[in-house]
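Participant: I'd like to ask you about the structure that follows.
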């Protein structure tokens with residue numbers, strides 16, 4: 001399994017509608033609205049990099065999404 | 001379906017409570033037919049093993065590339081499996097906890113017919129858990145959590161205490177020295193199992209419950225065998241016969257307990273054991289309509305309507321709700337995005353970040369940043385004092401960005 005964080009910039013005023021669309025996408029495990037440089041952090045769990053590309057594409061096609069930055073998790077420690 | 005993580009935790013804990021409250025009603029009905037609590041308990045365990053195995057098999061059926069269990073009950077469930085080597089120690093401890101708790105409950109029923117007189121004190125288990133977490137977990141309970149736990153505990157006692165009947169010191173000793181420690185073992189080690197990684201993925205609640213009920217059944221059978229040997233009774237055989245004679249009722253209880261525990265274990269994977277237990281104490285509220293229905297149909301004595309008792313119960317319920325709300329509204333979460341200086345070992349820096357209290361996830365990532373860490377804290381002040389100051393002291397850190405989570409959804 002490949003896990004990744006996708007950091008998303010959303011156009012002002014489009015967050016709610018963009019989130020609604022993101023919630024429909026498969027392989028998304030968690031969506032967090034955050035305050036700061038980014039607007040949304042998405043946690044994705046996919047079987048291959050090809051699938052990750054498809055999920056990223058779907059996110060980029062959402063109206064209001066300005067930019068995405070993907071960070072693939074190499075190692076993780078969790079409580 | 002994706003729902004907010006906070007709601008997911010409360011959804012799971014409340015669902016577990018509602019199912020457990022309904023099951024307690026069926027338990028009361030079955031108690032009229034099977035008088036020996038020891039036979040009743042063991043027969044439920046025997047059926048529990050059968051039902052848990054059967055449903056684990058059904059939930060393992062694959063549908064469009066995903067198991068039915070993953071689609072409906074627990075997204076991390078991939079299918080029924082054998083117990084893993086790293087789970088054995090924790091399963092033995094949590095199974096022993098379940099067996100001790102059950103045997104304690106039987107002993108209590110043998111001493112006192114109406115367990116409602118002393119069972120409310122079993123909610124003090126929340127305080128036991130707060131103390132254990134303070135000693136063992138890296139995420140030490142905060143003052144707000146301790147205050148809320150005490151409010152919920154006393155609220156639970158007030159909300160369910162019966163003014164009729166006498167208090168037996170022996171029965172209270174069983175609750176405080178047997179039932180509560182049993183609950184602590186069960187909760188702490190089921191939580192450890194839930195947050196454990198199996199083959200690189202999160203452990204699932206369905207297999208945890210299946211193996212827990214098997215281990216608990218073995219422990220309980222062993223205790224009953226010793227009891228039979230010492231007392232010259234035949235309760236082990238009677239338990240097997242009772243399982244067949246009252247198949248329908250017992251199967252219904254085992255079915256409910258299976259799902260109640262799965263939701264409880266999943267909630268344990270999200271919140272601390274003490275916080276989960278505090279929310280689960282809401283069973284006292286959900287059991288009120290069950291008692292009214294049972295009383296209406298004559299399965300239990302008419303409900304006591306002394307105004308003083310009603311007032312005390314109301315005060316208890318208000319306290320409980322306030323305590324649960326206080327848990328819900330005081331959690332702050334944040335992501336910290338970190339860049340590190342070159343020339344420092346990643347693994348060592350990861351460990352230093354992990355050692356900071358309040359950090360509950362550290363990810364080494366490939367991209368603009370080197371680490372993404374997730375923080376959970378009860379107050380922003382603590383977040384600054386306990387976390388950011390510590391991050392600043394790590395030599396390998398070049399720069400970091402703290403970004404508070406405003407709202408969150410998680411796949412259920």
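No value in this document is a laboratory result; all are computed from the given coordinates. Note that the coordinates shown come from a computational prediction; the quantities given were computed from them, not determined experimentally. Note that we place each Cβ from the backbone using ideal geometry, even for glycine, and neighbour counts take in every protein chain shown.
Participant: At a 10 angstrom cut-off on C-beta neighbours, averaged per residue, how do the peptides B:52-64, B:209-221 rank from highest to lowest? Let's see the in-between values first.
Facilitator: Working: B:52-64: 15.2, B:209-221: 22.2.
Result, highest mean Cβ count within 10 Å first: B:209-221, B:52-64.
Participant: Output the peptides B:369-381, B:182-194, B:70-82 sorted from most to least packed, where packing is the average of other Cβ atoms within 10 Å over each peptide's residues. Mind dumping the intermediate values first?
Facilitator: Working: B:369-381: 19.9, B:182-194: 23.8, B:70-82: 18.1.
Ranked by mean Cβ neighbours within 10 Å, highest first: B:182-194, B:369-381, B:70-82.
Participant: I need two numbers for the protein assembly as shown: Rg to one decimal and Dmax as a whole number, Cα atoms only, in Å.
Facilitator: When restricted to the Cα atoms of the protein assembly as shown, Rg and Dmax are 24.5, 77 Å.
Participant: Looking only at other chains, what is the average number of their beta-carbon atoms within 10 angstrom of each beta-carbon in B:358-364?
Facilitator: Details: counts 0, 2, 3, 6, 5, 12, 6.
If you average over the peptide's residues, the count of other-chain Cβ atoms is 5.
Participant: In percent, how large is the relative contact order of the range A:2-68, given Cα pairs closer than 8 Å and 6 or more residues apart? Don't skip to the end; give the middle numbers.
Facilitator: Details: 104 pairs, mean separation 31.6, N = 67.
Result for the range A:2-68 is 47 percent.
Participant: Would you tell me the mean number of C-beta atoms belonging to other protein chains that fall within 10 Å of each C-beta in A:1-10, as a whole number? List each step's numbers first, then the result.
Facilitator: Working: counts 3, 0, 4, 4, 7, 1, 7, 0, 0, 0.
Shielding by partners across A:1-10 averages 3.
Participant: Would you mind giving the mean number of other chain beta-carbons within 10 Å of the Cβ of each residue in B:367-376, as a whole number?
Facilitator: That average works out to 4.
Participant: Relative to the longest principal axis of chain B, what angle (0 to 90°, nearest 10) does the C-alpha long axis of helix B:205-231 take?
Facilitator: Between helix and principal axis, roughly 40 degrees.
Participant: Listed highest first by mean packing, meaning other Cβ atoms within 10 Å per residue, what order do B:342-351, B:317-326 come in?
Facilitator: Values: B:342-351: 12.6, B:317-326: 18.6.
Highest to lowest by the protection proxy: B:317-326, B:342-351.
Participant: If I fit a long axis through the Cα atoms of helix B:143-160 and take the longest principal axis of the Cα atoms of chain B, what angle between them do I get, 0 to 90°, rounded to 10?
Facilitator: 10
Participant: Mean separation of Cα pairs under 8 Å and 6+ residues apart, divided by the residue count of the range B:2-329: what relative contact order is that in percent?
Facilitator: Numbers: 461 pairs, mean separation 119.8, N = 328.
Dividing the mean separation by the residue count of the range B:2-329 yields 37 percent.
Participant: Rounded to the nearest 10 degrees, what's the angle between the helix A:49-60 long axis and the longest principal axis of chain A, both from Cα atoms, 0 to 90?
Facilitator: For A:49-60 against chain A, the angle is about 10 degrees.
Participant: Let me ask something else about it. Report, please, the projected area of the range A:2-68 averaged over directions, based on the convex hull of its C-alpha atoms, in nm². Don't skip to the end; give the middle numbers.
Facilitator: Numbers: hull surface 15.7 nm².
Quarter of the Cα hull surface area: 3.9 nm².
Participant: Counting pairs of alpha carbon atoms under 8 Å apart in space and at least six apart in sequence, what relative contact order in percent does the range B:282-384 give? Kindly include the intermediate steps, with their values, before the conclusion.
Facilitator: On the way: 88 pairs, mean separation 24.7, N = 103.
In percent, rounded to a whole number, it is 24.
Participant: Taking Cα centroids, how far is the range B:265-302 from the range B:380-412 in Å?
Facilitator: 36
Participant: Shifting gears a bit: Under a point spin-label approximation (7 Å from Cα along Cα-to-Cβ), what is the residue B:33-residue B:230 distance to one decimal in nm?
Facilitator: Each label point is offset 7 Å from its Cα along the Cβ direction, giving 3.1 nm.
Participant: Continuing with this model, one more query. With a bin width of 10 angstrom, please list the P(r) values of the range B:332-411 as percents of all Cα-Cα pairs, from the 0 bin to the one holding the largest distance.
Facilitator: Taking every Cα pair in the range B:332-411, the percentages come to 18, 56, 23, 3.
Participant: From the C-alpha coordinates alone, can you work out the Kirkwood hydrodynamic radius of the range B:2-329, in Å?
Facilitator: Taking the inverse mean of 1/r over all distinct Cα pairs, the range B:2-329 comes out at 20.3 Å.
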